[in-house]
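Taking it in order: structure first as structure tokens, then the write-up.
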Amino acid sequence: MTSEQKKRSISLLLAGFIIFSSLYVTQPIFNGLSHYFNVPLSDVSLTLSVSTFMLGLGLIIAPMLNNIEKKRMMSISVLLVSLLSIASVFVTNFYLFLVIRGLMGLALSGVPSIAMAYIADEVHKDRVRKVMGLYVAGTTFGGMSGRVVVGILTDLANWQIAIASLSIINLILAIFMVILLPASTVQTPNWVSPKQHLIKYSQLLSVPAVLKSMSLAFLLMGTFVTVYSYITVRFERAPFSLSESTIAFIFILYLIGTYSSINFGKLSTKLGIKKAYRLAITIMIIGIALTFITYLPIDIIGLAAMTFGFFGAHSIQSSYIATLTDSSKSHASTLYLLGYYVGSSLLTILGGHIFVKFDWLGIGLLSLVLTLIAVVISNSLFKNVVN
């Protein structure tokens, strides 16, 4: 591996870490934020939802800025996210905090939408999978680490120190990324106007299979994030009464997702997409059902099963969406991710209101209903798929 290849690989690993460690930092501290800002728990869910919603919108907008050099776009993104995250800890007004979180979500979109194109353009085809794997590993590890670090530091100090510490680390990593990442050598030959992008999006939205794929992303990601968001609050309360540090380690279960994604990719080749996807959702439903039992070891097993099933389904679906079109694969993937993040946003808000009124029973029933709807849609989507 050449020096430039090493720099590129390390930089993309850091980019993935910075973005996804910043996105979900409020998830393990909903209770603390509720007390600090003196707002209902259902409103606190907006601190996560507004970021994921703006990230989804940003994914639509970012490809339209294809005349901006890719390194510059990613560099602006990671630096701006880190600085906004630091600024958020000095805010005492809840609505201003939401504005900053929304701007962070918009800034965050500059990496996921560009990184994959950068890898495809700049990395030799023999190394694309390895470099893409490093980027994905960075996103997974970042998403997990952000939650764990913030959860532990909040328990030891407070949420401001927790988020500030992580943000300063991310700013340092962002500076290293900007220095190390080689500039793009491949540029888009012709600038594609926003109108042309919108035409491609509208054409895809008229395809039933694309809409069904977006619906599945909306339902399953929304379910997944909602369960993790409110089970942390549940574990803080009796009869569990766990500390924030202990609860933070629950997010290590995300590592199961890496294993699941890889193996369900192989399993879909062996069993076929339809059977593999059905198996993934079945495991997810079983996991959710186990969380109805008020016994910590069983709940952890349930979370692990739900995580395993979700990432399995996501890996199959995110690969399948690109097969639905020959000329607009990137646009199809963007629409899938739009469903993914908007589902995370809106269903987490809905989950907050349900949790306040019906506690965990409401979240569990909501999650089961959403996954059962996903079963019906997936059966329709894969009805005529042979393999």
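Just so you know, all these numbers are worked out from the coordinates, no wet-lab data involved. Here the structure is a predicted model, which means the values were calculated and not measured. No Cβ is skipped: glycine too gets one built from the backbone with ideal geometry, and neighbour counts run over all protein chains shown.
Listed values for the stretch 204-212 are Karplus-derived 3J(HN,Hα) couplings in whole Hz (6.51 cos²θ - 1.76 cosθ + 1.60, θ = phi - 60°), namely 5, 5, 8, 8, x, 5, 5, 4, 5, and x replaces Gly and Pro.
Shape of the stretch 274-357 from the C-alpha gyration tensor: oblate (a/c of 1.5 or more and a/b not above b/c, with a ≥ b ≥ c the square roots of its eigenvalues). On full extension, the segment bounded by S193 and Y295 gains 31.2 nm, given 0.36 nm per residue less the C-alpha separation.
When each of the peptides 212-219, 48-55, 233-240 is scored by how many other beta carbons lie within 10 Å of its residues on average, the order from highest to lowest is 48-55, 212-219, 233-240. Across the stretch 22-30, rounded Karplus estimates of 3J(HN,Hα) from the backbone phi angles (6.51 cos²θ - 1.76 cosθ + 1.60, θ = phi - 60°) give 7, 5, 9, 5, 7, 4, x, 10, 3 Hz, Gly and Pro being marked x. Note on S327 and L361: their simple-model spin labels are 5.5 nm apart, each label 7 Å out from Cα toward Cβ. The stretch between T185 and T246, if pulled fully straight at 0.36 nm per residue, gains 17.3 nm over its current Cα-Cα span. Summed over qualifying helices (DSSP H, 4 residues or more, each -39500 (n - 2.57)) and divided by its residue number, the chain shows a 222 nm mean residue ellipticity of -27000 deg cm²/dmol. Which of rounded, prolate, oblate describes the stretch 168-297, given a ≥ b ≥ c as roots of the alpha-carbon gyration tensor eigenvalues and a/c under 1.5 marking rounded, otherwise prolate only if a/b is larger than b/c? Here the stretch 168-297 falls in the oblate category.
Taking Lys and Arg as +1 and Asp and Glu as -1, the other residues whose beta-carbon sits under 15 Å from that of A107 total +2.
With semi-axes defined as the square roots of five times the eigenvalues of the C-alpha gyration tensor, the equivalent ellipsoid of the stretch 1-159 measures 31, 17, 12 Å, largest first. Could you tell me whether the stretch 318-387 comes out rounded, prolate or oblate from its Cα gyration tensor? Rule is a ≥ b ≥ c as square roots of the eigenvalues, rounded for a/c under 1.5, then prolate if a/b exceeds b/c, otherwise oblate. Taking the square roots of the gyration eigenvalues as a ≥ b ≥ c, the stretch 318-387 is oblate.
Each Lys and Arg Cβ is given +1 and each Asp and Glu Cβ -1; about its Cα centre, the chain then shows a dipole of about 1060 debye. With q set to 0.16 Å⁻¹, the log10 of I(q)/I(0) for the stretch 105-253, from the Debye formula over equal scatterers at the Cα positions, is -1.17. Take 6-19, 198-211 and order them by the average number of nearby Cβ atoms within 10 Å per residue, most first; the result is 6-19, 198-211. Taking only the Cα atoms of the stretch 1-57, the radius of gyration and Dmax are 16.8, 54 Å. Over 19 Å apart at the Cα level, from the set K130/K266; K195/K329; K329/K383; K71/K329; K274/K329; K6/K266, are K329/K383; K71/K329; K274/K329; K6/K266.
The calculated FRET efficiency for N93 paired with N158, based on their beta-carbon distance and R0 = 22 Å, is about 0.80.
Modelled label positions at L255 and S3, each set 7 Å beyond Cα in the direction of Cβ, lie 3.4 nm from each other. Listed values for the stretch 339-345 are Karplus-derived 3J(HN,Hα) couplings in whole Hz (6.51 cos²θ - 1.76 cosθ + 1.60, θ = phi - 60°), namely x, 4, 7, 5, x, 4, 5, and x replaces Gly and Pro. In a fully extended conformation the segment linking R127 and I86 would gain 11.2 nm over its present Cα-Cα distance, using 0.36 nm per residue. Note that the chain, at 10 °C in a medium of 1.306 mPa s, gets a Stokes-Einstein diffusion coefficient of 75 µm²/s from its Kirkwood radius over C-alpha pairs. Peptides 273-284, 104-115, ordered by how many other C-beta atoms sit within 10 Å of their residues on average, highest first, read 104-115, 273-284.
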